[in-house]
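First up is the structure itself, then whatever we jot down about it.
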Amino acid sequence: MNRARLFLLFLSLSILPPLSAQDDLAAQMEKAIATLKGAGGDPESLSMMYNACAEGYIQRGDFKTALERSRASLALCREHGLDSMSSFFTFSKILSQVDDEAATSVMVSELEAPDTAPAYRKGLLKALEMHVGLRGDPKLAVLTSYELWKMQRAEKPGSEEEFWALFNYGNHCLTNKLHDEAVPAITEARELALKIGKPELAANCSRSLAMALLQVGRLEDSVNLTREAIDFIRQGQDQMFLGYELRNLATSLLRVGQLDEAAAALAEALTLSKHDLETGELQSIEAALLLKRAFAAGGEPDYAPVIAKQEAAVASKLKNTAGGEGIAKIGATFDYITLAAYQLAASQLDEAEATLTKAEEGADAWEENSRQAQKQAVFSADQVNLSMAELRSGIYDLRQQIELRRGDVVAALVAAENGRGAAQAALLREKLGLEPEASAVKKLDAAAIREIAKVHRGTIVLYSLVHAFPNGLRMQLTAEENARFPQQLLAWVIPAEGEVQFRSTTLAGPIGDLVTSALVEIRDPANAPAAVDGKTALARLSSLLLDPLREFLPEENASLITFVPQGELFLVPFAALPYGAAGETLLDHHTLTLTPSIELLQLAYEQGRAVADAGEGDVLLVGNPTMPGYKPRPDRSAESLSPLPGAEAEARHLAKILRTEPLIGDAATETAVAARMESARLLHFATHGLLEAESSYNQSLLSSLAFAPGEGEDGFLTAKEISRMKLKAGLAVLSACDTGRGAITGDGVIGLSRGFITAGVPALVVSLWPVSDAATAVMMGHYYESIQSGAGKATALREAMLRTKTQFPEAVMWAPFVHYGLAGK
């Protein structure tokens, strides 16, 4: 904005009528707008005021009026060709309160509008880039940042503005693992930075490449690029980030075991530190360095100096009170968790427990701060709940270990349960109309867990995977050092009646590797890993998960077992695990279900009762829709998904059993399907399932079911869209590929399964790998025949899988599906 406009804006504010003490931002801006309009104010100033006014109504929670003021701001931007970034970003925040994908759609449509001024279009692109960054659509972020780069190159070739646009594009490509695009883009950006005499900007490029190589295990190359980044900063005029980069170098060097150079980097970084927060970060790395030196010395490490240094790190963080004590607590939260881990390793149980209480206070402050951002429409409630669940899972991880050291198995179980599924439970409580919790903290006690097990009338097996140290610290240790503290597999057996039983197993290696090997063994036997000590991967997985519990599991044939997995155990094909006599599996002996947490099992019962009270509804059966075009990469043209004639045959066959008409081909549009979902009592989808990612929960929420496009919809019904629905169906069957997979977090699997669970479906059938058309059609026919004959849902799936097994004996054909939630009718 030029000086004349700044003066006019200041003048308009200075001649406002006196504001009362009760005037908030919205009221102030309404008066300012009236004054400026009366004075014939310029469009840019007026647009800014309308936008600020919209922000004021967001603060009030009045999103309807906020949207009206936001639209007024955007209209001025469009009419006068103004920079629209701030206005569009506010607009996207408002729409995102209802549907962030709708916000994205509106902004993308506006990009395609003709006759928009360059400043308006550029602002829109910047706002869209920020919006998708916050809401999680990395593919669109690639396309948006590419367009911004093209605009900057055309307007200011060879400039710093072009550097940042190209750098951002490369980073978005890295997020999408498009390394063939990312590396050339970031390399070109680095060359541009050097060409314009800004080596400190080139350091950003080296840092991004270093992080990318670190993620794929190329540690030495990552270290060298970090050294390069430091060299670039030293050559430049702006040395602001030298300390930060030295810290990165120290952390990377710790990981490869180069302790002396790491110590030198830390010492220099400490001399550059100007803030308590930064000093605390460096002291925490120093504590890790002391731990590694103790390992190198051999024998049992002396934790006293390590603990003292970590306590100093916490103390430094707590001095950072410029933003208030709450902000200081937030800064120290992860340091408290690390300190508690050190204290636990030193067998200081009471001290570790007290430290975790401090960590929980930090988590509470973090959540309070995040809730304020939620009220400002920066984050959604689910985003806050997910991030808090992830943070608190680390606290409960250590609490379990403290209680087990004390010999209290039940208290450890309570900690294990309360550390999972909190975000899903919060969403589902809202759908059920239950009183919302003020916080995403779970508070189940032992009595509540026993009562849920009693109502469930089956045996519950809860697994927990715990580490001695939090992930951030493990990242600074070598593989050999981490091997000193192997992961523990904890398992509780909770019968409907009787005592809770517990077993613990020390794992020889990451259990995720074994789960992956077992899945390869099922899906691709020709490339299966070799047996170890004569045991296949499936057999070894069964030995770990089932053998220690065998004496506590029910003996009655077909009795119900509900597994509560954690981490990679969500991907275990429990039905196919060897169990009993040679050639038998767990499915031969038991009816199996899964649930992300025990509390979610209870909420499924609540939802089941609500569904029963609602009475009968329609059956929504979809098979082989006319497939939409799908972009496997954002920089490629859309490719039509292959038709699924087997899915169509499945749907037509099931329609006869269920006495309904299926939606097939062009009739099965996303709009038509979504319109019928909320009133249906049974949902069955035989179509393509698209798994977007297993590394990012924001991206995993974009995993989708494919339907016919049309009526303004792209044909992909995402997990995020489904989770916003309030479904009345008692059962949903996702007869598609990979519908049970997604990003694995402290809250469980984030993907399609979570979408349906949090939308209120109490029983769900999903798949763990790509399914066979022929075998699936047979299995689903058997499944609904069993249900029609009176079998419970989980029992019906077991019977269908066993019958399918006789016709298709390979596990890849009969074992892909798992049942979540309620087992009964």
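The values are calculated or read from the model by the stated rules, or taken from the named source; none is laboratory data. Quantities reported herein were computed from a predicted structural model and do not represent experimental measurements. Please note: Cβ atoms are built from the backbone with ideal geometry, for glycine as well, and neighbour counts cover all protein chains shown. Side chains included, ligands, DNA and RNA excluded: accessible areas come from the protein's heavy atoms. Shrake-Rupley method; radii C 1.70, N 1.55, O 1.52, S 1.80 Å.
Enumerate the amide H contacts of PHE563 below 5 Å, restricted to partners 5 or more residues apart or on another chain; note that Pro and chain-start residues carry no placed amide H.
For PHE563, the qualifying residues are VAL461, THR593, LEU594, THR595.
Quick one: length gained pulling ALA446 to GLU300 fully straight, 0.36 nm per residue minus the C-alpha distance?
48.9 nm
Would you kindly derive the ³J(HN,Hα) couplings of the stretch 804-816 from the backbone phi angles with the Karplus curve 6.51 cos²θ - 1.76 cosθ + 1.60 (θ = phi - 60°), listing them in order in whole Hz, with x for Gly and Pro?
5, 4, 5, 8, 10, x, 6, 4, 4, 8, 9, 10, x
Positive end of the dipole of the chain, charges at C-beta (+1 Lys, Arg; -1 Asp, Glu), about the Cα centre: which of VAL314, ALA113, LEU768 has its Cα farthest in that direction?
Checked the options; the winner is ALA113.
Once label points are set 7 Å from the Cα along Cα→Cβ at both ARG153 and LEU194, what is their separation, rounded to one decimal in nm?
Here the answer is 2.0 nm between the modelled labels.
With a ≥ b ≥ c taken as the square roots of the eigenvalues of the C-alpha gyration tensor of the stretch 460-528, please select rounded if a/c is under 1.5 and otherwise prolate if a/b is larger than b/c or oblate if it is not?
In terms of gyration-tensor shape, oblate.
Let a ≥ b ≥ c be the square roots of the eigenvalues of the Cα gyration tensor of the stretch 740-789; is it rounded (a/c under 1.5), or, if not, prolate (a/b larger than b/c) or oblate?
Oblate, since a/c reaches 1.5 and b/c is not below a/b.
May I ask which of LYS195/LYS317; LYS93/LYS156; LYS329/LYS442; LYS442/LYS726 have a Cα-Cα span longer than 32 Å here?
LYS195/LYS317
Whole-Hz ³J(HN,Hα) for each residue in the stretch 729-745, computed from phi via Karplus 6.51 cos²θ - 1.76 cosθ + 1.60 with θ = phi - 60°, x for glycine and proline: what do you get?
5, x, 8, 10, 10, 9, 7, 8, 7, 6, 6, x, 9, x, 6, 9, 10
Taking a 1.4 Å probe, which of LYS442, LYS454 shows the most accessible area, and what order do the others take after it?
The most accessible residue leads, giving LYS454, LYS442.
Would you please give the FRET efficiency between ALA774 and GLU661, computed as 1/(1 + (r/R0)^6) with r the Cβ-Cβ distance and R0 = 22 Å, to the nearest 0.05?
That pair, ALA774 with GLU661, gives E of 0.40.
Determine ³J(HN,Hα), in whole Hz, for all residues of the stretch 423-433 in sequence, where each value follows from phi through the Karplus function 6.51 cos²θ - 1.76 cosθ + 1.60 and θ = phi - 60°; x replaces Gly and Pro.
Ordered by residue, 3J(HN,Hα) equals 5, 5, 4, 4, 5, 6, 4, 5, 5, 7, x Hz.
Per-residue ellipticity at 222 nm for the chain, helices alone: DSSP H runs ≥ 4 residues times -39500 (n - 2.57), over residue total, nearest 500 deg cm²/dmol?
-19000 deg cm²/dmol
Starting from the Cα-Cα distance between ASP350 and ASP99, subtract it from 0.36 nm times their residue separation and give me the gain in nm to one decimal.
Residue separation times 0.36 nm, minus the Cα-Cα distance, leaves 85.7 nm.
Taking all protein chains as present, what is the carbon and sulfur share of the accessible area of the stretch 293-360, in % to the nearest whole number, probe 1.4 Å?
52 percent
Sorted by accessible area (1.4 Å probe), largest first, how do ASP42, ASP445 line up?
ASP445, ASP42
Under 20 Å from a point placed 7 Å out from the Cα of GLU810 along the Cα-to-Cβ direction: which residues of the stretch 486-520 have their backbone N that close?
516-520
Taking the Cα centre as origin and putting +1 on Lys and Arg beta-carbons and -1 on Asp and Glu beta-carbons, what dipole magnitude results for the stretch 735-825, to the nearest 20 debye?
That gives the stretch 735-825 a dipole magnitude of about 200 debye.
State, to one decimal in nm, how far the label point of THR321 lies from the label point of SER543, with both points 7 Å from Cα in the Cβ direction.
About 5.7 nm separates the two model spin labels.
Just how much of ILE787 is accessible, in Å², when a 1.4 Å probe is used and the result is rounded to the nearest 10?
Solvent-accessible area, nearest 10 Å²: 50 Å².
With every protein chain left in place and a probe of 1.4 Å, what is the accessible surface of GLU44, to the nearest 10 Å²?
GLU44 has an accessible surface of roughly 40 Å² with all protein chains in place.
Going by amide H atoms built from the backbone, whose H comes under 5 Å of the H on GLY236, apart from near neighbours?
Amide H neighbours of GLY236: GLU200.
What is the calculated FRET efficiency for ASP24 to GLU711, with r their C-beta to C-beta distance and R₀ = 41 Å, to the nearest 0.05?
Efficiency for this residue pair is about 0.55.
Given H placed 1.01 Å from N in the peptide plane, which residues other than close sequence neighbours of PHE716 have an amide H under 5 Å from its amide H?
HN-HN under 5 Å from PHE716: PHE707.
Under the rule a/c < 1.5 gives rounded, and otherwise a/b versus b/c splits prolate from oblate, where does the stretch 534-586 land using the Cα gyration tensor?
Here the stretch 534-586 falls in the oblate category.
Subtract the Cα-Cα distance of HIS179 and ALA649 from 0.36 nm times their separation in residues, and report this length gain in nm to one decimal.
Length gained between HIS179 and ALA649: 165.2 nm.
Placing +1 on the Cβ of each Lys and Arg and -1 on the Cβ of each Asp and Glu in the chain, which of GLY38, VAL98, THR251 has its Cα farthest towards the positive end of the resulting dipole?
It is GLY38, whose Cα lies furthest towards the positive end.
For the chain, what does the accessible surface come to per residue with a 1.4 Å probe? Please give it in Å².
With all protein chains present, the chain gives 41 Å² per residue.
Percent antiparallel among DSSP beta bridges with both residues in the chain, to the nearest 5?
55 percent
To the nearest 20 debye, what is the magnitude of the charge dipole of the chain about its Cα centre, counting +1 on the Cβ of each Lys and Arg and -1 on the Cβ of each Asp and Glu?
Using only the charged Cβ atoms, the result is roughly 580 debye.
Hey, if you put +1 on the Cβ of every Lys and Arg and -1 on every Asp and Glu Cβ in the stretch 322-451, which of GLY324, ALA411, GLN383 ends up farthest toward the positive end of that dipole?
GLN383
To the nearest 20 debye, what charge dipole does the stretch 51-187 have about its Cα centre, counting +1 at the Cβ of each Lys and Arg and -1 at the Cβ of each Asp and Glu?
Approximately 200 debye in magnitude.
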